[in-house]
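J.: Got a structure here, written out as structure tokens. Questions coming.
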Amino acid sequence: MRRQLVVIILSGLICLLGATSILAAKYNEAPMLRVKVAAGELPPVEKRLPEDPLVVKPVEEIGQYGGTLRVITTSPRWDDITHLRAEPIFLLSMDAKTTQLNIAKSYEFSKDGKILTLHLRKGIKWSDGAPFTVEDVLFALQDVALNKDLVPTAWGQWRPGGELMKVKKLDDYTVRLSFAVSYPIILDLLSSECPGSQVPWLGGSFYLPKHYLKKFHIKYNPEVNELAKKEGYESWQSLFKSKLGFYTDPDCPCLSAWKPIKKTTTERIYERNPYYWKVDPEGNQLPYIDKLSVAVVQSLEVVNLKTISGEADFAGFFLTLDNY
């Protein structure tokens, strides 16, 4: 049983090794999703995937669908699967020496390092089925990160050389970033968790679900201050921040492999995202694992005890070698 769990876990780490872009001839999906398709609750898997889904080679072997991955944490906001849910524009290779494609299908960088053109993977959908486009990038950058009402001082990553970068939409899936100085490190920044993860940072995220968040933004909803007061907030800015991601709003759509479905003071539950945009080499829509269960405990001692007793399937940040 333990060996089977290890295989499932390793196969389920869909962000790690060997991303390619080979189209499968036929796509498969998890049994729990086939049931929903048959009941008319979801469109067929072919219509949920992008035109060119990212093909990920498993670390060891093709996995099997099903199961719940158990994690233990002491943090109300952080846990060992936070990194597994991150979906930046690029991914770093395992040796951190090369940039691999992820949300970006391709890119061009000018010779002087001042202009980066990104081509997003066409047809990616948010976990609620809404299309993911350049509009989500423009919203995150122009309406949030560079909006002084929300972020008084723009993060340094968006103003190299002391000048704000310029963002231009070329089409629905192509965006151009222009910098005042040569800025090759932007590739590394867009490969990290913060500028594009599903743990949104106010002012740091490279994309956000505009279709969901715009109703909480004064640019798109002139009556948002009244809405904020009804929900118990002093301003629209406070309301907007409360809607920014799972830890404050489980209804906020995501692009990650698992979407949040439950949150309490002692537990967080995630379920597979039916619109996840990656497959394995045999055309199986990822992830393999159905659910993630995060138990929130009071101390590191409890984490150690529960891990020793076999109540954790995946652990890292909260364990130390001195307790090995």
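The values are calculated or read from the model by the stated rules, or taken from the named source; none is laboratory data. Predicted, not measured: the structure shown is a model, and the values here were computed from it. A quick note on method: Cβ atoms are made from the backbone with ideal geometry, for glycine too, and the neighbour counts reach across all protein chains shown. Areas reflect the complete protein model, heavy atoms only, side chains present, ligands, DNA and RNA absent. Shrake-Rupley method; radii C 1.70, N 1.55, O 1.52, S 1.80 Å.
J.: Only one of these is modelled with pLDDT of 95 or more, within 19 Å of the chain's Cα centre (by Cα) and not small (G, A, S): R34, R77, R48. Name it.
T.: Going through R34, R77, R48 in turn, just one is modelled with pLDDT of 95 or more, within 19 Å of the chain's Cα centre (by Cα) and not small (G, A, S): R48.
J.: Filter the stretch 112-137 down to the residues that are assigned to a loop (DSSP other than H, G, I, E, B) and more than 27 Å from A257 (Cα to Cα), then identify the one that is least open to solvent (accessible area, probe 1.4 Å). Explain how you work it out, then say what you get.
T.: First pass over the stretch 112-137, keeping only residues assigned to a loop (DSSP other than H, G, I, E, B): 112-114, 121-124, 126-130, 132-133.
Pick out the ones that are also more than 27 Å from A257 (Cα to Cα) and you get 112-114.
Values: D112: 83, G113: 7, K114: 76 Å².
Across the stretch 112-137, the extreme among qualifying residues is G113.
J.: Checking A140 against (1) aliphatic (A, V, I, L, M); (2) within 18 Å of the chain's Cα centre (by Cα); (3) not in a helix (DSSP H, G or I): exactly one of these is not met. Which one?
T.: For A140, the failing item is (3).
J.: Within the stretch 54-80, restricting attention to residues that are outside any loop (DSSP other than H, G, I, E, B) and open to solvent by 30 Å² or more (accessible area, probe 1.4 Å), which residue is farthest from S309 (Cα to Cα)?
T.: Checking each candidate, the answer is T68.
J.: Sticking with this structure for a sec: Look through Y212, Y183 and report the one residue that is among the hydroxyl-bearing types (S, T, Y), surrounded by 15 or more Cβ atoms within 10 Å (Cβ to Cβ), part of a helix (DSSP H, G or I) and at pLDDT 90 or above.
T.: Numbers: Y183 fails: part of a helix (DSSP H, G or I).
Result: Y212 is the single residue among Y212, Y183 that is among the hydroxyl-bearing types (S, T, Y), surrounded by 15 or more Cβ atoms within 10 Å (Cβ to Cβ), part of a helix (DSSP H, G or I) and at pLDDT 90 or above.
J.: Name the pairs: first residue in the stretch 229-256 and more than 17 Å from L150 (Cβ to Cβ), second residue crowded, with 17+ Cβ neighbours inside 10 Å and hydroxyl-bearing (S, T, Y), Cβ to Cβ under 6 Å, at least 6 apart or on different chains?
T.: These pairs meet every condition: P253/S127; P253/Y212; C254/S127.
J.: From the residues in the stretch 293-323 that are aliphatic (A, V, I, L, M) and in contact with a helix residue (DSSP H, G or I) (Cβ under 8 Å, 6 or more places away or on another chain), which one is surrounded by the most Cβ atoms within 10 Å (Cβ to Cβ)? It would help to see each step written out before you state the result.
T.: In the first step, residues of the stretch 293-323 are kept if they are aliphatic (A, V, I, L, M); the result is 294-297, 300, 302-303, 305, 308, 312, 315, 319, 321.
Within this subset, residues satisfying the condition of being in contact with a helix residue (DSSP H, G or I) (Cβ under 8 Å, 6 or more places away or on another chain) are 295, 297, 312, 315, 319.
Numbers: A295: 17, V297: 16, A312: 21, A315: 18, L319: 16.
Residue satisfying both the conditions and the ranking: A312.
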